[in-house]
Each structure stands twice: as C-alpha cells, then as structure tokens.
Amino acid sequence: MSLGQKETRDGFPHLVDVETRWADNDIYGHINNATYYAYFDTVVNDYLIERGGLDIVAGPVIGVAVETMCRFRESVAYPETIEIGLSVGKLGNSSVRYDLAVFRKGPADGTGLAVASGHFVHVFVDRASNKPVPVPAAIRAALEHLKI
C-alpha cells in the first residue's frame, strides 16, 4: 500500500497521541514544519525501544536516519492533541521505511484525513564501525507487525 493510499487512521496499525507544546508553535501561530520531523523521530524510536528492544545507549546496533519527508495539508497548533500513525512501507535487509501520518485527535473509526504525512528511513548500522548490518531479529519481528 502506498503512502497516498494511507490517508486515514485505518492505514496505520500503530497510533500514538501527541500533546503539542507551546514551544512547537512558530511565529505564524501553527506547529513549525521542522517539529513534525521530531514527532516522527520520537514515535519511531519509542516503538523500536518498547517493542523491538532497541538499546539506544549501549546496544551494538543503532538506527541512523538517512531520509525523511513530510507533506503538509493543514495546519495544527498548540494546544491541539494530535495522533501520529506509524506503519512500515518497506522492510529490507538493513533498512526500513516507516510511513507516518498526522491526524487531528478525533474518532477512532478510521475516519478523518491526515493533515500531514511522510516517511522516515532508518539504516541499521554497527555502532562501532558505522557499517550497515541486518535489522536485528527482535526489531524485525516488531516491524513485521507494522506492515500493511
């Protein structure tokens, strides 16, 4: 399923509520575009830590972001609560492309179009050598649950 087809909550097996913060707003009164990338990064890494056992402090393997993209459709602003949807678009040997979407907090029935959507690519590397390695088994298993 392509990201263009994933415009509602039902296209994302993992949804996380995010409370916007006062500091997220820019001078124009809406969430700054760069902040969406921080939301994406947080949701992805929380999932990897909680479900995949990623040890960000001392683990031998880490995920390095090599590509990010976000398409904005509507503005959101503090003090809104938003939902970030997460799915896996492609799972390779040493990399993964996460598909993400931002929704206004609303019905959990899959309705409501994304106000922003994008992707985030991680390459898993050996912490010491910074060379690509296969996605660790526990992380791969967790990521399989996010495939649509």
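The values are calculated or read from the model by the stated rules, or taken from the named source; none is laboratory data. These numbers were taken from a predicted model, which means no experiment stands behind them. Glycine also receives a Cβ, built like all others from the backbone with ideal geometry; neighbour counts cover every protein chain displayed.
Values computed for the structure shown
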{"read-out": "Which listed residue, of 94, 87, is surrounded by fewer than 18 Cβ atoms within 10 Å (Cβ to Cβ) and of a type in the set (S, T, N, Q)", "value": "94"}
{"read-out": "Given (1) touching an Asp or Glu at 6+ places or on another chain (Cβ under 6 Å); (2) at pLDDT below 95, index of the condition residue 35 fails", "value": "(2)"}
{"read-out": "Residue ID - nearest to residue 101 (Cα to Cα), chosen from residues in the range 113-133 that are in contact with an Asp or Glu (Cβ under 9 Å, 6 or more places away or on another chain) and part of a loop (DSSP other than H, G, I, E, B)", "value": "114"}
{"read-out": "Number of positions in the range 1-25 that are more than 14 Å from residue 99 (Cα to Cα) and surrounded by 14 or more Cβ atoms within 10 Å (Cβ to Cβ)", "value": "4"}
{"read-out": "Counted residues, the range 97-120 - those being farther than 21 Å from residue 46 by Cβ and exposed (fewer than 13 other Cβ atoms within 10 Å of the Cβ)", "value": "5"}
